[in-house]
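Notes for the one structure printed next.
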Amino acid sequence: MASGNGSNFQALAKSCSTGELNANISLLVVNNPRCGAKYKAEKLNIPCKTFDHRKYQSRESMDDDILNVFKESNVEAIIMAGWMRIVTNKLIKAFPNRILNIHPSLLPCFPGINAINQALDAKVKITGCTVHMVCEKVDSGPILIQAAVPVYEEDNLAILTSRIQHKEHIILPMGVSMAAKSWRTQ
Ligand code: GRF
């Protein structure tokens, strides 16, 4: 699931094609019809479905449709690679411990939106990124893997984002692989 540029989605797709991750991305779900992730999926020949949140009355009705598509596609796990919408308990309960998210901070610091700006405002010297399981409370599920990133005086949002994303692209496939080991024994 993605809403933005899709650099994490692309990193995951690459790790599947190189064999670093023994997985197959059967479907990309986006909520923004013009997001970069969608164009990246087209280039990679990965099926993509759009669920435009502006066309739904409630989060539940959107998640119902998304859930149906996931079931039709026989997905075994869901990776939120820059999915910027809160998901409902319905989706979370349908895939217990099988939904992962990547967040651009060292959780539990700076949850929610604007995590990178929050780190800049707080003037921390170290921030980073986290891959975690998704639970009902936003950005709070069990942590699988984190990477630390230094913050320098002269950093701005663009520079720090790029430094964090470089690490995200490394730890996201690693986090998926770690979680998959526990799924295989279930
Ligand atoms: C990432 O920084 C991720 O941590 C956050 O949204 C951003 C998505 O970037 N949740 P991209 O679309 O993968 O380039």
query = Which one of Asn68, Ala81, Val124 has its Cα pushed farthest toward the positive end of the charge dipole of segment 7-184, where Lys and Arg give +1 and Asp and Glu give -1 at the Cβ?
reply = Asn68
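Using the Cα centre of segment 82-186 as the reference point, and only Cβ charges (+1 on K/R, -1 on D/E), how large is the resulting charge dipole? Debye, rounded to the nearest 20. Show your work: numbers first, answer last.
Working: 11 positive and 7 negative charges, 118 e Å.
Once rounded to the nearest 20, the dipole reads 560 debye.
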message = I want to verify a result. In a Gaussian network model of the chain, Cα cutoff 10 Å, which of these has the top mean-square fluctuation: Thr130, Thr161, Thr18?
response = Thr18
ask   = Which value, in debye to the nearest 20, gives the size of the charge dipole of segment 7-184 about its Cα centre, when Lys and Arg are +1 and Asp and Glu are -1 at the Cβ?
value = 260
task = Divide by every residue of the chain the summed helix terms, -39500 (n - 2.57) for each DSSP H run of at least 4, and state the resulting mean residue ellipticity at 222 nm, rounded to the nearest 500 deg cm²/dmol.
result = -13000 deg cm²/dmol
note = Reduced to Cα centres, the span from segment 128-182 to segment 1-48 in Å works out to 17
task = Please give every one of the lysines within straight-line cross-link reach of Lys93, meaning a C-alpha to C-alpha distance under 30 Å, and leave out same-chain neighbours fewer than 8 residues apart.
result = Lys14, Lys38, Lys40, Lys49, Lys55, Lys71, Lys137, Lys167, Lys181
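Readers should treat all values here as calculations from the given coordinates under stated rules, not as data from a laboratory. This structure is a prediction, so every number in the text was calculated from the model and none was measured. Positions of Cβ are generated from backbone atoms using ideal geometry, with glycine treated the same way; all protein chains shown enter the neighbour counts.
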